[in-house]
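*Asks:* One structure follows; several queries about it will come next.
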Amino acid sequence: MSGAGGQQDVDIDLGGLFRAIWQRRTRVLLATVGAAALAFGAAKLVAPAYESETRVLIESREPEFSSPNQPSQTGSDRMFDESGIASQVQVLRSADLIKQVARNMKLHELEEFDPSAQPSAASDLLVMLGLKKNPLELPPEERILKEFNTKLQVYQVEKSRVIAIAFTSKDPKLAAAIPDEMAKVYLSLQSGAKLDSNSEASRWLEPEIANLREKVREAEAKVAAYRAESGLLPTGETENFATRQLTDISTELARVRAERANTAARAEGVRAAFADGRPVDTLTDIVGSPMIQRLKENQAALQAQLADLSTALLDGHPRLKGLKSQLEGIQAQIRAETQKILSSLDNEAKVGQLREQQLLQQLNALKAQSAQAGEEEVGLRALEREAAAQRQLLETYLARYREATSRTVANATPADARVISNAVVPTVASFPKVAPITIVAALASFLITCVVIMLGELFSGRALRPVSDSGRMPETAVPAAAVDEAPASIATAEGPTEEARVEQEPSIAAEHDFSIESVAEHLLGNGIRVAVAVSPGGDEGSTATVMLARLLAEEEHKVVLIDLSGSACPTRLMAQSLHLAGITNLLSGEVAFTQTIHADRFSEAHIIPQGDADPHAAMRGIERLQMIIDALTNAYDLVLVECGAADPAAVAKVARGEEVEIIVSAPSVSEAKIIEELTSFGEAGYRDIVLMTGSGDGGPELPDRRAA
């Protein structure tokens with residue numbers, strides 16, 4: 001804020017705020033203690049409520065005997081998502097479940113759950129006046145349900161599949177029994193729902209299975225008829241008769257070809273041995289012949305006899321000749337038998353060739369039949385697939401039917417939840433918490449009282465202080481205004497107000513005590529914001545005014561003193577130097593408003609010294625003095641103007657406001673001089689005059705305090 005606009009830049013005095021709270025500490029303490037006492041009494045009067053909770057774990061619980069063809073599932077195999085757990089929370093809060101619990105525990109017989117059944121006189125009056133709906137119009141179950149919901153809390157434990165069921169009641173046993181009963185009813189409903197689901201599945205599967213059985217029979221009959229019509233007789237799991245026959249003939253043809261080739265090779269070997277003149281008795285077919293073996297044995301025996309007789313008989317002996325003749329006959333038989341073996345091999349090779357030709361003819365015929373069978377087998381496979389699909393669906397339905405039937409037995413299907421923590425009977429009331437409520441109420445009252453005091457200080461301006469020349473306030477110079485010259489110790493102002501002129505005779509504010517302390521109490525008690533001090537005795541009176549300012553500052557009030565004394569006595573007593581910028585510099589427009597406010601050397605008071613500007617130049621801006629005083633009242637509790645030995649006419653130029661207090665500072669001044677001074681102010685139209693003599697009990701002996 002700038003002085004040109006009638007305002008001044010100010011800061012919030014935090015120390016002043018805390019001092020204001022400390023000065024009113026008795027009031028703060030009484031408010032805090034009173035609020036704590038009220039809270040304590042109210043908490044003691046409230047009927048205690050007890051709370052207990054049961055915790056339920058949501059998990060999949062499947063009986064292992066119900067699914068023999070599938071691996072058993074446990075709670076860890078099936079995880080419930082957040083929406084699934086939230087759905088179970090809503091099931092626990094459902095009206096049907098709560099009504100079932102109310103019926104089981106006969107809650108309608110308890111007044112706690114139906115307080116509207118016995119309405120008070122005030123409630124009946126409100127109903128009669130139409131200001132309240134008659135609660136008895138609702139059915140008893142609805143009233144119990146409404147009251148039950150106000151006491152019930154169902155929530156999911158964070159980051160888990162656990163649901164907590166908490167209930168509050170005036171009866172601790174009932175607070176523990178209701179959550180357990182709710183969990184019991186919930187598990188029963190879950191198990192019953194699964195039993196109903198299995199029963200419905202069984203009833204639905206029975207006709208479906210009968211229908212599927214008929215479809216499977218028809219499909220398999222179609223497959224059998226198609227096989228018979230097409231000649232696709234099965235010979236294995238993957239081939240039919242035509243395919244099997246084709247495979248057998250192919251195998252036989254390969255075998256016949258191999259045998260024929262082998263026989264032809266053996267005959268060619270015997271024939272080659274005859275052609276080359278090699279001995280044929282080394283060939284396998286010749287050696288293996290039984291006839292050849294017997295002839296070889298006879299030949300060996302004859303050769304042995306011939307060798308024995310050759311040692312005793314001559315070559316021309318008839319016995320030797322006979323043995324040689326037998327030996328030649330055996331050799332001829334061996335050659336004839338060899339020729340027979342060769343012919344047999346040739347015949348066998350021809351027979352194999354003929355067999356091969358026959359097999360080739362059969363193979364070609366079967367190839368045509370197999371091609372036709374492949375085309376017909378396409379339709380067969382389609383029929384088989386249809387029959388297999390119907391059979392697989394039938395087996396699936398049968399398995400599900402067996403599983404559903406096994407679960408329709410009582411206790412065969414457990415609920416997908418289990419109780420992991422039963423409610424216990426509480427021993428300590430959950431509400432009201434007397435100690436926390438009392439502490440919170442006391443703390444809240446303390447804070448609110450402090451805030452109210454600080455707001456009062458801020459709105460009244462007592463907690464605001466002008467920024468000193470070392471502060472961060474922007475410097476705005478006061479513009480000079482050319483006015484007629486006037487004495488340096490006065491300011492141009494209008495005369496006393498009409499209210500001040502009601503009585504022409506002045507009255508003395510303090511009746512018996514004219515001390516500085518008494519004047520200070522008078523100013524504080526009446527909330528005076530601007531006071532003009534007149535010192536008929538000169539500097540001695542100005543010194544008393546300085547003491548008054550310092551006394552008010554010691555009482556932790558913000559006071560600023562404007563030195564218009566002419567002699568600069570307050571400046572000498574309070575300022576750090578006589579050459580500081582002051583009121584004359586401000587009126588001349590030489591400095592900014594903030595540069596003229598200085599701190600007192602010995603107190604927390606502030607002073608605007610006389611300054612060192614030309615008094616005649618300063619008086620040309622004297623009309624702005626009232627604007628300066630108004631700006632100071634926004635930042636200070638009291639603006640004290642010391643005018644020195646000024647007359648009523650000069651004071652009238654300063655005391656323009658209705659709430660301006662006139663102080664006559666007259667220590668060591670004679671009674672006659674005081675009476676004269678008071679008389680002059682009374683004649684000038686001032687009604688109330690505050691006399692300050694500086695002593696505790698002294699003062700002029702005036703017969704009438706309102707006479708001068």
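The values are calculated or read from the model by the stated rules, or taken from the named source; none is laboratory data. Here the structure is a predicted model, which is why all the values come from computation and not from measurement. Don't worry about glycine lacking a Cβ; one is built from the backbone with ideal geometry, like all the others, and counts go over all protein chains shown. Ligands, DNA and RNA are stripped out before the accessible areas are found, and what is left, the full protein with its side chains, is counted by its heavy atoms. Shrake-Rupley method; radii C 1.70, N 1.55, O 1.52, S 1.80 Å.
*Asks:* Enumerate the pairs (first residue in the range 291-316 and closer than 30 Å to Ser344 by Cα and in contact (Cβ under 8 Å) with a residue 12 or more places away in the chain; second residue anywhere and open to solvent by 70 Å² or more (accessible area, probe 1.4 Å) and not aliphatic (A, V, I, L, M)) with beta-carbon separation below 6 Å, excluding pairs fewer than 6 apart on the same chain, so at least 6 apart or on different chains.
*Replies:* Leu295/Gln333; Leu302/Gln326
*Asks:* Let me ask something additional. With respect to Glu239, determine if the residue is surrounded by 13 or more Cβ atoms within 10 Å (Cβ to Cβ), acidic (Asp, Glu), at pLDDT below 85 and more than 23 Å from Leu366 (Cα to Cα).
*Replies:* It is false that Glu239 is surrounded by 13 or more Cβ atoms within 10 Å (Cβ to Cβ), acidic (Asp, Glu), at pLDDT below 85 and more than 23 Å from Leu366 (Cα to Cα).
*Asks:* Also: Quick one: in the range 302-321, which of the residues that are surrounded by fewer than 12 Cβ atoms within 10 Å (Cβ to Cβ) and small (Gly, Ala, Ser) is nearest to Lys340 (Cα to Cα)?
*Replies:* The selected residue is Ala304.
*Asks:* What number of residues within the range 544-600 satisfy the criterion of being on the phi > 0 side of the Ramachandran plot and open to solvent by less than 20 Å² (accessible area, probe 1.4 Å)?
*Replies:* The qualifying residues number 1.
*Asks:* For the range 195-220, give me each residue that is open to solvent by less than 50 Å² (accessible area, probe 1.4 Å) and under 16 Å from Ala387 (Cβ atoms).
*Replies:* Answer for the range 195-220, where residues must be open to solvent by less than 50 Å² (accessible area, probe 1.4 Å) and under 16 Å from Ala387 (Cβ atoms): Leu212, Val216, Ala219.
*Asks:* Got at least one residue in the range 443-460 being modelled with pLDDT of 50 or more and assigned to a loop (DSSP other than H, G, I, E, B)?
*Replies:* No.
*Asks:* Which members of the range 140-152 meet the condition of being open to solvent by 70 Å² or more (accessible area, probe 1.4 Å) and free of Cβ contacts under 8 Å to residues at least 24 places away in the same chain?
*Replies:* The answer is Glu142, Lys146, Thr150.
*Asks:* Something else now. Does Thr338 fit the bill of being of a type in the set (S, T, N, Q) and either at pLDDT 80 or above or part of a helix (DSSP H, G or I) (or both)?
*Replies:* When the stated conditions are applied, Thr338 passes them.
*Asks:* So if I check each of Asp637, Asp647, which one is in contact with a strand residue (DSSP E or B) (Cβ under 9 Å, 6 or more places away or on another chain), modelled with pLDDT of 80 or more and surrounded by fewer than 19 Cβ atoms within 10 Å (Cβ to Cβ)?
*Replies:* Sole residue among the options that is in contact with a strand residue (DSSP E or B) (Cβ under 9 Å, 6 or more places away or on another chain), modelled with pLDDT of 80 or more and surrounded by fewer than 19 Cβ atoms within 10 Å (Cβ to Cβ): Asp647.
*Asks:* Under the condition of being open to solvent by 40 Å² or more (accessible area, probe 1.4 Å) and under 21 Å from Leu640 (Cα atoms), which residue from the range 668-693 is modelled with the lowest pLDDT?
*Replies:* Arg687
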